[in-house]
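What follows is a set of notes on a single structure, which appears directly below.
The values are calculated or read from the model by the stated rules, or taken from the named source; none is laboratory data. Computed from a prediction, not measured in an experiment: that's the story for all the values here. Here the Cβ is made from the backbone with ideal geometry for all residues, glycine too, and neighbour counts use every protein chain on show.
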Amino acid sequence: MAISRRNIIKGALLTSAALATQNAMGRQQHSEDKSKTLLKGNINHSVSRWTYGHLSIEELCQLVKTLGFNAIDLVGPKDWPILKQYNIDSSMCNGAELNLVDGWIHPQFHAELTQRYLKHIDLVADAGYKNLVCFSGNARGMSPEQGLKNATVGLQKVIPHAEKRGVILQMELFNSKVNHPDYMADNSKWGIELCKRLNSQHFKLLYDIYHMQVNEGDVIRTITDNHQYFGHYHTAGVPGRNEIDETQELYYPAIAKAILKTGFNGYLAQEFIPTPKSNEGKAESLQQAIAICDV
Ligand SMILES: O=C(O)C(=O)CO
């Protein structure tokens with residue numbers, strides 16, 4: 001892979017120096033503009049909040065700005081005011097879900113989910129955001145066909161409101177082999193069938209490249225053939241869910257190029273678990289990942 005860690009580290013050190021200067025001089029805007037020019041501007045980059053949970057939300061906002069992008073995934077309403085202070089987009093809002101295992105395939109949760117999602121769609125729209133994550137839940141013996149039927153009935157109760165408010169519900173695809181045993185939406189075929197049945201531009205899939213490589217592979221062809229159903233992408237290295245560099249099996253520059261080729265103008269969010277112990281090392285991992293995907 002062309003992008004070496006050493007070059008990235010050199011860049012990261014320069015950026016840390018820039019951040020220190022920025023903090024000292026209080027000239028945030030100046031530094032942001034400088035670092036932004038380091039990225040090509042083709043990919044809309046983001047990072048998942050939980051994988052950088054060692055930082056406060058303010059610190060993560062500062063890191064994101066320093067690295068030259070403007071979005072954080074999986075942030076709920078409580079932290080949106082801080083994102084707004086930094087002019088950072090909440091690229092995949094969360095907080096409407098009950099959890100990852102009790103989801104839209106379960107009729108017994110439809111009433112509560114409907115109430116929560118209707119409210120949250122308004123919160124997301126009022127805050128000027130667009131994407132809201134949702135989950136299928138675990139099968140617990142349910143057949144895939146029954147799951148599709150149930151999820152269709154449930155989601156139809158909230159999609160008209162999402163359409164009205166300009167919000168897109170995005171169901172995340174997870175692997176069920178390693179991280180989320182028994183999760184129903186563990187393959188793109190099932191998710192795409194759900195999209196077809198719901199037939200709305202306001203319901204899409206969050207295609208998590210890591211999870212789908214673990215469960216089904218064939219990443220670039222799947223994206224190329226089905227991009228109309230994919231509204232958002234997550235990354236991570238396979239195996240291990242760590243850095244997306246040459247230590248793992250996916251070649252992210254080619255994947256990012258394939259995503260761009262589909263005309264995608266949504267977000268590609270880093271969701272790998274950084275391996276370094278130090279905060280600086282974790283920041284370098286993020287900068288490296290952004291550089292790898294900045295095609
Ligand atoms: O919880 C997970 O595994 C996720 O990928 C959340 O986005």
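Here are a few things to note about the model shown:
- Scope the range 172-201; condition in contact with a helix residue (DSSP H, G or I) (Cβ under 7 Å, 6 or more places away or on another chain), outside any helix (DSSP H, G or I) and closer than 17 Å to Glu145 by Cα; matching residues: Leu173, Met184, Ala185, Asp186, Asn187
- Enumeration of residues in the range 209-234 that are surrounded by fewer than 22 Cβ atoms within 10 Å (Cβ to Cβ) and not in a helix (DSSP H, G or I): Glu216, Gly217, Asp218
For every residue, the table says whether it meets (1) surrounded by fewer than 18 Cβ atoms within 10 Å (Cβ to Cβ); (2) away from the ligand (no atom under 16 Å from the Cβ).
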{"residue": "Gly41", "(1), (2)": "yes, yes"}
{"residue": "His54", "(1), (2)": "yes, yes"}
{"residue": "Gly76", "(1), (2)": "yes, no"}
{"residue": "Pro81", "(1), (2)": "yes, yes"}
{"residue": "Ser90", "(1), (2)": "no, no"}
{"residue": "Leu113", "(1), (2)": "no, yes"}
{"residue": "Arg116", "(1), (2)": "yes, yes"}
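- Residues of the range 105-150 satisfying the condition of being among the charged types (D, E, K, R) and on the phi < 0 side of the Ramachandran plot: Glu112, Arg116, Lys119, Asp122, Asp126, Lys130, Glu145, Lys149
- Looking across the range 235-283, the residues that are in contact (Cβ under 8 Å) with a residue 12 or more places away in the chain, closer than 16 Å to Tyr52 by Cα and surrounded by fewer than 22 Cβ atoms within 10 Å (Cβ to Cβ) come down to Arg241, Asn242, Ile273, Pro274, Thr275, Asn279, Glu280, Lys282.
- Condition met for Phe135 (under 21 Å from the mean Cα position of the chain (by Cα), in contact (Cβ under 8 Å) with a residue 60 or more places away in the chain, within 13 Å of the ligand (Cβ to nearest atom) and surrounded by 22 or more Cβ atoms within 10 Å (Cβ to Cβ)): no
- Across the range 162-171, the qualifying residues are those that are assigned to a helix (DSSP H, G or I) and in contact with a helix residue (DSSP H, G or I) (Cβ under 6 Å, 6 or more places away or on another chain), and the one among them that is farthest from the ligand (Cβ to nearest atom) is Arg165.
- Given (1) small (Gly, Ala, Ser); (2) at pLDDT 95 or above; (3) surrounded by fewer than 20 Cβ atoms within 10 Å (Cβ to Cβ); (4) over 23 Å from Gly237 (Cα atoms), index of the condition Gly103 fails: (3)
- The conditions of being at pLDDT 95 or above, among the hydrophobic types (A, V, I, L, M, F, W, C) and away from the ligand (no atom under 16 Å from the Cβ) are met by Ile159.
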